[in-house]
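Notes follow the structure.
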Amino acid sequence: MKTYSVRFSHSGNEANISHDALRAAVVDFLERWGTRFYLGPDFGTLLGHGDRFANLLRACGKDEAAFFQEVLHQLAQAHHQMDDQEGPEVRVSGIVLPKRLLLVFLEQMLPGDGFVAVRSVEQYAELTNTVVPGEQREDLQQVIDTYPVRLSRHVLRQSRLSRHVAYQFMPFVQELDQTGLKNTWIGQFHQGLLEQMYQNRPIFVLHMSCPVYCRFCFRKHKDCRNLPAPTVEDVQKAVEHIAASPQIKEIVLTGGEPLMNKATLTTAVAGLAGIPHVQTIRIASRCISYYPSLFFAENEFWLNYLINQNRELQKTNKKIEIATHFIHPDEISHYSLEIISRLVKGGVGVYTQTPFLKDCNDTGAELAELYAQLRAVGSELHYIYIPCSPIQGNNIYWTPISAGHAALAHLRGHLPDRAMPILCTATKIGKIDWNTSGWAVEQSGEEPDMIWIRTPYTEGYFKSFAPRFSLEKSRVNREETLDSRFMAQIGDESLFFGHLSQSAPPVRDFDPEELGRVQQLICRDQRIRQSIVPTGIEALQRVHRAQVEVDVSANRGMDDILEYIRANPEISDVVLAAEDKILNHLSEVQAYARALRSLPQVTALRVRSLMFAYEPEAFTDDVIAELIALNHLDP
């Protein structure tokens, strides 16, 4: 059996890779994932159709052995500290191989799942194939001793290919800078594993550790990581509190990583399922990104459990949602996309939240790419947290508030409306959505590194469930809501809106006849028909850089419409509308759904219908089944 011997340049470790195993892995990957969507338009075009591996070899002018030897040799030198700011670049005959393909090679070179606790500089250098300068070794060891380091095998492989992945998880000497706060988030109410900051939504902290430790986490201190894990009995006590609190509608199961403690998580779900007033169980897990093997372990236990349990909960009008974190497109693996698409197809909602990190995802372009790909497999996009948590040891990640607003402006211009996340800040007393539920009021006069942020919360709100709530780091404003003092720089003084005294909106009596007239007007024509640029096609409106609207009631011009979309690869969303009822044109909707599957840049087909609100009985079981059949979440 032919093998390739590899010696990693810095660690000196050696590996023998089977030709047959490597070939099988690459061929299987290219057959399933060798698409323009996943590997990029240029490389996807190069692979073409048919035997994609043969097409790749032909383009490189190499036979299998020469191709493998060249790639393996370059990967043996790879590490996240290479000069290229994006990470190492592997070229064969001038062709740059995508990192997502290179991950398949590294899985053969550095096999295995699981995770590793890093306890020394020497161990860290060996695992990452890096050289730690002598003058940094003592400081780096102090960092490792102060803030625990844990890395999954998956992250170790991805980090050799991307500095943006390594930046999130690898220890760095700047962590010794004590600028910042030791604690940035504490619930207003604590009882065992239960923490509560909002009246209708507490959290259960079900596990204290994670398979990978994010360096920017607000729980990064060792005293948080080393707390004892809650027990099943602790969970049962928390469930009893929820049962006695009818105002609670949602519970967030979090940690640490809650999926690492099967006993406590399944106990929590089983207990909460029997409480009538509980509507949503949200499970916060980053394993989809940094430890995907957990979902496939034990005969895919977690995938099957979450889908099947959600189906049972739906019988009593409850649901499970998965909240996950992605920060940079380099984190996305084919495993991540498969997990999300399978959960969503199985009825489990998945939504993505994103900490905003300086020099990683702070320009907007990275986030636009990230969100476009995650949304394509069914993930909703929820929050961008600005700035990164101002915890001690984190200041290399901090950005001014203005940087988040600038990134959001970029997203507004490059993503369709349904792909837009919410810009938020998690203050000491709760989250605010920027310039809707809160804003920057002014710089703190007492502490120059603090700003005052307006929130929608009141003392009475918190005291209704946390009687001992105090105004520490907060003040009551003239509208009798609370301002929270927050550690951040504003960056742009125009973002200080001041107190913005609000006057109550005028009260008008409800007029059912006027409502009827408005409804008739709305239903008269459900098309927008406002194109920002001329398309030259009567039935096609360009309503955004990334979005078009098609008038299916026109019943003509499909070929021209498809060609227009194909010629504008930035278009990701196609909205189908009609002057009359869209269900009168279901055959046209089906025809567009089939045709658009040949255009890889189109990741969302949207059907506009006001009949949900005004004529819901039109959506019969047969109609719903036909629409469901059009959904296509496989990347």
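The values are calculated or read from the model by the stated rules, or taken from the named source; none is laboratory data. Everything quoted here is computed from the prediction, not taken from an experiment. Every residue, glycine among them, receives a Cβ derived from its backbone with ideal geometry; neighbour counts consider all protein chains shown.
Among the candidates Pro467, Pro387, Pro456, which residue alone is buried (at least 22 other Cβ atoms within 10 Å of the Cβ) and part of a loop (DSSP other than H, G, I, E, B)? The conditions single out Pro387. Of all the criteria given as (1) in a loop (DSSP other than H, G, I, E, B); (2) closer than 27 Å to Pro600 by Cα, the one not satisfied by Gly393 is (2). Counted as qualifying within region 264-359 are the helices (runs of 4 or more DSSP H) with 1 or more residues that are surrounded by fewer than 23 Cβ atoms within 10 Å (Cβ to Cβ) and among the hydroxyl-bearing types (Ser, Thr, Tyr), namely 293-314, 334-345.
The residues of region 62-90 that are part of a loop (DSSP other than H, G, I, E, B) and in contact with a strand residue (DSSP E or B) (Cβ under 9 Å, 6 or more places away or on another chain), listed by number, are Lys62, Ala76, Glu89, Val90.
If you filter region 601-635 down to residues that are out of contact with any Cys (no Cβ under 7 Å at 6 or more places or on another chain), in a loop (DSSP other than H, G, I, E, B) and surrounded by fewer than 17 Cβ atoms within 10 Å (Cβ to Cβ), you find that the one that is modelled with the lowest pLDDT is Asp634.
Summed over region 133-154, residues that are within 19 Å of Asp359 (Cβ to Cβ) and in contact with a Ser or Thr (Cβ under 9 Å, 6 or more places away or on another chain) total 0. Checking each residue in region 1-38 for being surrounded by fewer than 13 Cβ atoms within 10 Å (Cβ to Cβ), in a helix (DSSP H, G or I) and touching a helix residue (DSSP H, G or I) at 6+ places or on another chain (Cβ under 7 Å) picks out only Glu31. Regarding Glu513, is this residue surrounded by fewer than 17 Cβ atoms within 10 Å (Cβ to Cβ) and free of Cβ contacts under 8 Å to residues at least 60 places away in the same chain? Yes; evaluated as a whole, the condition is true for this residue.
Within region 1-28, residues that are among the β-branched types (Val, Ile, Thr) reach partners that are part of a strand (DSSP E or B) with beta carbons closer than 6 Å, at six or more positions or on different chains, in the pairs Thr3/Asn16; Thr3/Ser18; Val6/Ala15; Ile17/Tyr4. Taking residues in region 292-312 that are over 15 Å from Ala270 (Cβ atoms), and partners anywhere that are small (Gly, Ala, Ser) and surrounded by fewer than 20 Cβ atoms within 10 Å (Cβ to Cβ), the pairs with Cβ atoms closer than 6 Å and at least 6 places apart or on different chains are Ile307/Gly346.
Does region 386-412 hold any residues that are at pLDDT 95 or above and over 20 Å from the mean Cα position of the chain (by Cα), and which are they?
Matches in region 386-412: Ile396, Pro400, Ile401, Ser402.
Taking the conditions exactly as written (within 30 Å of Ala407 (Cα to Cα), assigned to a strand (DSSP E or B) and either touching a residue at least 12 places away in the same chain (Cβ under 8 Å) or out of contact with any Lys or Arg (no Cβ under 6 Å at 6 or more places or on another chain) (or both)), does Gln541 satisfy them or not?
Yes, satisfied.
Restricting Ser484, Ser494, Ser553 to residues that are among the hydroxyl-bearing types (Ser, Thr, Tyr) and assigned by TED's automatic domain parsing to the domain that holds Ala591 narrows the list to Ser553.
Here Val165 fits the description: of a type outside the set (S, T, N, Q) and closer than 19 Å to His328 by Cβ.
To keep it simple, each residue is scored yes or no on (1) over 20 Å from Ser159 (Cα atoms); (2) assigned by TED's automatic domain parsing to the domain that holds Leu370; (3) buried (at least 16 other Cβ atoms within 10 Å of the Cβ).
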{"residue": "Asp42", "(1), (2), (3)": "yes, no, no"}
{"residue": "Gly48", "(1), (2), (3)": "yes, no, no"}
{"residue": "Lys62", "(1), (2), (3)": "yes, no, yes"}
{"residue": "His73", "(1), (2), (3)": "no, no, no"}
{"residue": "His80", "(1), (2), (3)": "no, no, yes"}
{"residue": "Val90", "(1), (2), (3)": "no, no, yes"}
{"residue": "Ser93", "(1), (2), (3)": "yes, no, no"}
{"residue": "Arg100", "(1), (2), (3)": "no, no, yes"}
{"residue": "Phe115", "(1), (2), (3)": "no, no, yes"}
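When region 500-554 is filtered for residues that are of a type in the set (Gly, Ala, Ser) and out of contact with any Ser or Thr (no Cβ under 7 Å at 6 or more places or on another chain), the ones remaining, listed by number, are Ser501, Ser503, Ala504, Gly516, Ser531, Gly536, Ala539, Ser553, Ala554.
Filtering region 300-318 for residues that are in contact with a Cys (Cβ under 7 Å, 6 or more places away or on another chain) and within 30 Å of Ala166 (Cα to Cα) leaves an empty set.
Take Leu337 and decide whether it is in the same structural domain as Leu367 (by TED's automatic domain parsing), in contact with a Pro (Cβ under 9 Å, 6 or more places away or on another chain) and of a type outside the set (Lys, Arg). Here the answer is yes, as Leu337 does meet what is asked.
Quick one: in region 119-157, which of the residues that are of a type in the set (Gly, Ala, Ser) and more than 30 Å from the chain's Cα centre (by Cα) is surrounded by the most Cβ atoms within 10 Å (Cβ to Cβ)?
Ser120
The single condition from (1) of a type outside the set (Asp, Glu); (2) closer than 19 Å to Arg375 by Cα; (3) in contact with a strand residue (DSSP E or B) (Cβ under 9 Å, 6 or more places away or on another chain) that Ile628 fails is (3).
Any residue in region 572-593 that is in contact (Cβ under 8 Å) with a residue 60 or more places away in the chain and in the same structural domain as Ile532 (by TED's automatic domain parsing)? So far as region 572-593 goes, yes, one or more of its residues are in contact (Cβ under 8 Å) with a residue 60 or more places away in the chain and in the same structural domain as Ile532 (by TED's automatic domain parsing).
Yes/no per residue for (1) under 20 Å from Gly347 (Cβ atoms); (2) more than 24 Å from the chain's Cα centre (by Cα):
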site: Leu272; (1), (2): yes, yes
site: Ile275; (1), (2): no, yes
site: Ala284; (1), (2): yes, no
site: Glu298; (1), (2): no, yes
site: Leu306; (1), (2): yes, no
site: Gln309; (1), (2): yes, no
site: Glu312; (1), (2): yes, yes
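Entry remark, region 428-453: residues being assigned to a loop (DSSP other than H, G, I, E, B) and of a type outside the set (Val, Ile, Thr) number 9 in total. The criterion of at least 3 residues that are under 19 Å from Leu39 (Cα atoms) is met, among helices (runs of 4 or more DSSP H) falling completely within region 91-164, by 99-109, 153-161.
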